[in-house]
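Peer 1: Dropping the structure in here first, questions after.
The values are calculated or read from the model by the stated rules, or taken from the named source; none is laboratory data. Note that the structure is predicted; figures quoted are calculated from it, not measured. Because the Cβ atoms are built from the backbone with ideal geometry, glycine has one as well, and the counts that use them run over all protein chains shown. Each accessible area value is taken on the protein alone, full model and side chains, heavy atoms only, with ligands, DNA and RNA left out. Shrake-Rupley method; radii C 1.70, N 1.55, O 1.52, S 1.80 Å.
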Amino acid sequence: MKPRVRFAPSPTGYLHIGGARTALFNWLYARRHGGTFILRIEDTDQERSTPESVQAILDGLKWLEIDWDEGPGVGGPFPPYTQMEKLGRYTQVAQQLIDTGWAYRDYTTEEEVAAARRAFAQSKGITDEKELRSAGFKFTSPWRDKRDVKDGPFVVRFKMPAREGTFGFEDMVLGRITKPFEDLDDFVLLRSDGVPLYNFGCVVDDHDMQVTHVGRGQEHINSTFPQLMVYEALGWAPPQFAHFPLILGPDREKLSKRKHPEADVMRHKQNGVLPHALSNFVMRLGWSHGNDELFTRQQLIELFDFKDVGHSSGVWNPDKLSATNEHWLKQSPVDDVAARLLPFLHSAGVVSASLDDKLKKGVVCFRERSKTLVEMAEKLVPYYAHGVTLDPAAAAKHLTADGKVMLGKAREFLQGVSTWTQPNLEPVVDTLASATGAKKGAIAQPIRVAATGGTVSPGIGDTLELLGREEALYRIDLALK
């Protein structure tokens, strides 16, 4: 059976790098095996979920070129693909669990639960909330064995059976994982307002959408055990699970939205990183194929498998991301880089820039010496200006009397070039060097300074072609004056 996998983010902010990698891993698995990639929005956190966050997630996935076969904007055979649109379904399944004795209505108030927690903490001498959680507090509801129905709000709790020993599952990444039954408690399935909690909602959704493989972060391992109990209670076959390692920030703490700006996928777009470069880099924070570092999208599809995902956390390395982006700036199709570069030129004030031969020429000229699209745009801006400001030091050194003589001769040569292209412009230096006996640098640098204002640029032919005939001759004439 072909796999059906899903990415199910909670829309409480931007698309996180960890979420993007989870989506990418699942997308690649589906594409390699001819399966289906589902996007589902788990929007039950109504205090934090917003339409803007949903759009941010969609935008992030689209920028990374991760398309979905079923989900928002696409549809599919198992709608709806947002949880708040199917509350009735969760209520129905919860009632089924109540009817079969696997769940119960709990009318205990939040204050009563809090009081039980305080009593437990006092009995253990615990004052820290984190310590309390690790101490294994389990709430035993007085309604656990009652079938009463009364007026007033209630939650639906799962009735965990009293069993001894351990149980577990075979993880596709980590192997066998087990947990003692005694560590599980009667967790809440439905809140009093009918909204499902994560461990219940995702089980119902994965079953309804016929998900065969659940790939997600290792932080969800503990959630798998109560979810498996829900599957058992409902008589549903669980999917296979694959839990991916964490991504750590440069400080080796878990990459978080609060502490690490690099956690925001779209920040990398703003910084001029190519989407495939980011995908390639993020892939290696948890997956490997030998010692290889660089992969095309097609290679990733052909090579990726859950079994090759590592166990250890990946550490964010900005230098490696930069090197990866440099590589793909050089290797990606010129047209693609040019299209992505154009908005950065517009942001820099070059409103006249368009997706034309000049822009593509600029990509060819500067892709070898730029780390990001931001840098490339900065280098290209002067080539769209009218006139140039000469660097005083460069002018003093190269636009001397002798330098201007050479520049004048170059002007005469260039005036006679009928087709203003690099192959026709590049010989100006060799031709004048042969005719005058001057060193090539004594010819090239006056031209370069006149054309660009400084001493660093692409080759003379490329520089002049990029400026265009009219602008190049205008700048040379200004320098000669």
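Peer 1: Treating cross-link reach as a plain straight distance, find the lysines whose alpha-carbon is under 18 Å from the alpha-carbon of Lys358, omitting any fewer than eight places away in the same chain.
Peer 2: Candidates past the 8-residue exclusion: Lys330, Lys379.
Peer 1: Follow-up question, since we're still on this one. Just to confirm my numbers, what's the Cα centroid distance between segment 324-365 and segment 414-450 in Å?
Peer 2: Each part's Cα centre sits 27 Å from the other's.
Peer 1: What are the extents of the Cα atoms of segment 10-134 along their three principal axes, in Å, largest first?
Peer 2: 54, 37, 30
Peer 1: Could you work out how far apart the two model spin labels at Gln92 and Asp308 are, taking each label as a point 7 Å from the Cα in the direction of the beta carbon, and quote it in nm?
Peer 2: Going by the 7 Å Cα→Cβ label model, 4.2 nm.
Peer 1: If you don't mind, there's one more thing I want to ask. May I ask you to evaluate 6.51 cos²θ - 1.76 cosθ + 1.60, the Karplus curve with θ = phi - 60°, for each residue of segment 335-350 and list the ³J(HN,Hα) values in order in whole Hz, giving x for glycine and proline?
Peer 2: Using θ = phi - 60°, the values come out as 4, 5, 4, 4, 5, 7, 6, 3, x, 6, 5, 4, 5, 7, x, 8 Hz.
Peer 1: Give a quick list of trypsin sites (Lys or Arg not before Pro) in segment 39-71 that DSSP marks as loop, anything other than H, G, I, E or B, with at most 13 other Cβ atoms within 10 Å. Intermediate results must be reported in sequence, preceding the final value.
Peer 2: Details: sites: Arg40, Arg48, Lys62; in loops: Arg40, Arg48.
Passing both the DSSP loop test and the Cβ count: Arg48.
Peer 1: Could I ask something else about it? Among the GluC sites (Glu not before Pro) within segment 80-181, which fall in a DSSP loop and have no more than 12 other Cβ atoms within 10 Å of their own Cβ? Each step should come with its number before you reach the end.
Peer 2: Working: sites: Glu85, Glu110, Glu111, Glu112, Glu129, Glu131, Glu164, Glu170; in loops: Glu164.
Answer by residue number: Glu164.
Peer 1: Can you grab the distance from the C-alpha centre of segment 206-225 to the C-alpha centre of segment 36-111, Å, no decimals?
Peer 2: 14
Peer 1: If you don't mind, another one. By its C-alpha gyration tensor, with a ≥ b ≥ c as the square roots of the eigenvalues, how is segment 274-333 shaped: rounded for a/c under 1.5, else prolate for a/b larger than b/c, else oblate?
Peer 2: Details: a/c = 2.41, a/b = 1.30, b/c = 1.86.
It is oblate, given that a/c is not under 1.5 and a/b is not larger than b/c.
Peer 1: At a 1.4 Å probe radius, which order do Val195, Val113 fall into by accessible area, largest first? Show your work: numbers first, answer last.
Peer 2: Values: Val195 5, Val113 30 Å².
Largest accessible area first, the list is Val113, Val195.
Peer 1: Select from segment 1-61 those GluC sites (Glu not before Pro) which occupy a DSSP coil region and have at most 16 other Cβ atoms within 10 Å, ordered by residue number. Before the final figure, lay out each step's value.
Peer 2: Details: sites: Glu42, Glu47, Glu52; in loops: Glu42, Glu47.
Answer by residue number: Glu47.
Peer 1: What base-10 log of the normalised intensity I(q)/I(0) is obtained for segment 5-72 from the Debye formula, alpha carbons as equal point scatterers, at q = 0.12 Å⁻¹?
Peer 2: -0.28
Peer 1: Only bridges whose two residues both fall in the chain count here: according to DSSP, what percent of them are antiparallel, nearest 5?
Peer 2: Given both bridge residues lie in the chain, the antiparallel proportion sits at roughly 55 percent.
Peer 1: Let me check against my output: what whole-number percent is the relative contact order of the chain, with C-alpha pairs under 8 Å and at least 6 apart? Present the calculation step by step, with values, prior to reporting the outcome.
Peer 2: Values: 715 pairs, mean separation 59.3, N = 481.
Worked out over the chain, it gives 12 percent.
Peer 1: Is there a quick way to get the dipole size of segment 32-128? I mean about its Cα centre, with the Cβ of Lys and Arg at +1 and of Asp and Glu at -1; what is the value in debye to the nearest 20? Before the final figure, lay out the partial values.
Peer 2: Values: 10 positive and 17 negative charges, 71 e Å.
With only Lys, Arg, Asp and Glu charged at Cβ, the dipole is about 340 debye.
Peer 1: Suppose we take every Cα in the chain and form the convex hull; what volume per residue is that in Å³? Write down the numbers at each step before the final one.
Peer 2: On the way: hull volume 92.6 nm³, N = 481.
Once divided by residue count, the hull of the chain is 193 Å³.
Peer 1: Could I get the Rg over Rh figure for segment 382-439? Both from C-alpha atoms, Rh via Kirkwood, rounded to two places.
Peer 2: Working: Rg = 13.1 Å, Rh = 13.1 Å.
Dividing the radius of gyration by the Kirkwood radius yields 1.00.
Peer 1: Still on this structure, please answer the following. Students often check this: by mean Cβ neighbours within 10 Å, which of 415-427, 178-190 ranks highest, and how do the rest follow? Each step should come with its number before you reach the end.
Peer 2: On the way: 415-427: 13.3, 178-190: 17.1.
In descending order of packing, they fall as 178-190, 415-427.
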